[in-house]
Amino acid sequence: MDKAKRERLMRKGWRAGDASDFLQLSPEEAAIVEIRAALSSQLKHRRTAKMTQAELAQRIGSSQPRVAMAENGAKSVSLDLLMRALIATGATSLDIGRAIAGR
């Protein structure tokens with residue numbers, strides 16, 4: 001949202017913020033949400049170029065629905081599973097670090 005629009009809304013009594021403000025996340029919780037989103041996005045990108053969800057699930061000893069949940073950033077999917085899935089697609093620790101850093 002541009003600065004002028006934000007100021008206009010605030011003058012009318014509206015509050016402006018991001019998802020972290022709305023959900024009242026601590027800085028640590030917000031960072032974990034961002035990391036999970038980055039890893040999920042990277043997983044989907046890498047997986048679609050190489051294999052099906054079912055193939056990835058078989059490689060990591062999980063199920064296809066669980067892979068779909070991982071690719072969509074479901075909170076119930078552990079960061080460990082996201083990392084294992086990324087590594088199974090051929091990602092290196094450097095690739096994972098870059099995904100987290102947003103590059």
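The values are calculated or read from the model by the stated rules, or taken from the named source; none is laboratory data. What you see is a predicted model, and the numbers here were worked out from it, not measured in a lab. Glycine gets a Cβ as well: all are built from the backbone with ideal geometry, and neighbour counts include every protein chain shown.
A few remarks follow.
- Comparison of L25, L56 shows that the only residue that is outside any helix (DSSP H, G or I) and on the phi < 0 side of the Ramachandran plot is L25.
- Among all residues of segment 63-71, there is at least one that is of a type outside the set (F, W, Y), at pLDDT 95 or above and not in a helix (DSSP H, G or I).
- Any chance A54 is over 24 Å from S93 (Cβ atoms), modelled with pLDDT of 95 or more and under 16 Å from the mean Cα position of the chain (by Cα): no
- Only residues that are more than 24 Å from A31 (Cβ to Cβ) and either in contact (Cβ under 8 Å) with a residue 40 or more places away in the chain or more than 13 Å from the chain's Cα centre (by Cα) (or both) were counted across segment 68-88, and they come to 1.
- So R36, is it more than 13 Å from the chain's Cα centre (by Cα) and assigned to a helix (DSSP H, G or I): no
- Some residue of segment 57-76 being surrounded by 13 or more Cβ atoms within 10 Å (Cβ to Cβ) and of a type in the set (S, T, Y): yes
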